[in-house]
Structures are given as structure tokens and as C-alpha cells.
Amino acid sequence: MRIRPTLARDVALLPALERSAAQAFRQLPALAWLADGAVMAEADHLAYVSAASSWVAVDEHDTPVGFLCATVAGDALHIDELSVGLQAQGHGLGRRLLDQASASARQHGQRCLTLTTFAEVPWNAPFYQRYGFVPLSVGQLDARLSAVLAAELAHGLHNRCAMRLSLAL
């Protein structure tokens with residue numbers, strides 16, 4: 001498997017990948033509803049492709065099995081979505097997608113990666129902590145991350161946290 005930039009031809013496959021990744025939430029009764037929740041629209045994926053801020057993990061047939069979409073936010077590259085299809089989980093693809101995002105951020109002069117995630121879901125905050133992300137306290141949040149968390153709470157996403165990974169330039 002390899003990581004490459006997302007192409008327009010990949011976009012039609014990405015919502016199904018996100019839905020597949022979300023099936024892992026079925027094992028957590030309080031979050032099982034996420035398995036049937038909304039996924040990112042193809043138009044949004046195309047915007048990430050146009051901004052060159054989306055990458056896919058592909059199999060030996062060049063078919064996407066995971067993706068990462070990000071947005072430049074000041075000196076940060078903010079990870080908006082990282083999804084690996086259920087069948088491809090556990091093979092290091094999430095880490096490799098993060099490696100790609102980190103490399104791109106460094107290349108473009110961003111000083112950190114940021115994201116929001118579930119604080120206690122094992123494949124969320126603990127996964128990112130193993131990668132090197134640090135959870136931010138309320139006092140460490142900037143206005144942007146505070147707004148993201150507030151919007152997530154308004155959409156029913158509880159027990160979320162913001163995290164940051166400093167990048168050596």
C-alpha cells in the first residue's frame with residue numbers, strides 16, 4: 001500500500017470509505033449512531049483535492065482504502081478527517097497518512113498539526129497521542145479550535161478534545 005495525493009477520480013469512493021471507517025463505532029453503544037451518521041460530501045472532497053490538501057492510502061490496484069483531508073489554518077495544518085476503511089484498519093495506514101500530512105505541513109512552513117477527536121475512544125485520542133499529539137487544555141485553545149469544538153458539541157459530539165503536534169522545521 002502507498003500514499004498519494006487524492007485525485008478527482010478518487011472522490012466518488014471516499015464517502016463509502018468514511019462510512020466503512022465509522023462502523024468501528026458500533027462497538028461503543030454511546031457512539032454507535034455515528035456508524036449511520038452523515039459523511040463528507042463529494043463536493044467537499046473536491047475542494048480538498050483542489051487545495052492539494054487531501055491524500056489517499058491505496059491498495060495494489062490503486063484503489064483508495066483510506067484518506068486524510070486537511071485545511072491550512074494560519075501556522076497549522078488542521079486535520080479535518082482521517083478515515084481508513086474497516087477492512088484496511090490496523091495496518092499502519094492512519095500513521096502513514098499522518099506522516100504525509102506532517103511532511104506536507106513542514107514543506108509549506110506550517111509549525112504544527114492540529115485536530116479534534118474523541119478523548120477516550122481508543123482509536124482516536126490515544127492513537128494520536130502515540131503519534132506525538134498533545135491534548136490541549138481549555139486554556140491552550142485558540143479561537144479557531146474553540147469554535148471547532150463548539151460546533152462539534154452543537155452537532156451532538158460530546159467528550160471531544162483538541163490536539164496539537166509541533167513540527168520541527
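Taking only DSSP H segments of four or more residues, each worth -39500 (n - 2.57), what value at 222 nm results for the chain once the sum is divided by all its residues, to the nearest 500 deg cm²/dmol?
Result for the chain, helices only: -9000 deg cm²/dmol.
About the Cα centre of the chain, how large is the charge dipole given +1 on each Lys and Arg Cβ and -1 on each Asp and Glu Cβ? Please answer in debye to the nearest 20. Spell out each step's value before the answer.
On the way: 13 positive and 15 negative charges, 88 e Å.
Computed about the Cα centre, the dipole is about 420 debye.
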* Asked: Nearest 0.05, what FRET efficiency do Asn159 and Val134 give at R0 = 22 Å with Cβ-Cβ as r?
  -> 0.80
* Label-zone membership for region 119-137, site Ala150, 7 angstrom Cα→C-beta point, backbone N under 18 Å -> 137
* Structure fact -> PRE zone check, label point 7 Å out along Cα-to-Cβ of Ser166, amide N under 15 Å, scope region 124-142, hits 132-137, 140
* Structure fact -> region 2-166, convex hull of Cα, quarter of hull surface, nm² -> 9.1 nm²
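Antiparallel versus total DSSP beta bridges in the chain: what percent is that, nearest 5? It would help to have the intermediate numbers written out before the result.
Details: 26 of 30 bridges.
Approximately 85 percent, going by the DSSP bridge assignments.
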* To do: Normalising by the residue count of the chain, find the relative contact order in percent from Cα pairs under 8 Å and 6+ residues apart.
  => 19 percent
* Asked: Using θ = phi - 60° and the Karplus curve 6.51 cos²θ - 1.76 cosθ + 1.60, what whole-Hz ³J(HN,Hα) does each residue of region 64-72 get, with Gly and Pro shown as x?
  -> x, 10, x, 7, 9, 10, 9, 10, 6
* Of Val72, Gln87, Cys112, farthest towards positive along the dipole that unit charges on Lys, Arg, Asp, Glu beta carbons give the chain -> Cys112
* **Given charges at beta-carbon only (K, R positive; D, E negative), |dipole| of region 1-67 in Debye** => 100 debye
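Taking the number of other C-beta atoms within 10 Å as the exposure measure, put Phe127, Phe133 in order starting with the fewest.
Sorted ascending by nearby Cβ count, the order is Phe127, Phe133.
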* Using 7 Å Cα-to-Cβ label points, what is the Arg4/Val72 separation (nm, one decimal)? -> 2.4 nm
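Throughout, read-outs are computed from the coordinates displayed, never taken from laboratory work. Please read all numbers here as calculations on a predicted model, not as lab measurements. Virtual Cβ from ideal backbone geometry, glycine too; neighbours counted across all protein chains shown.
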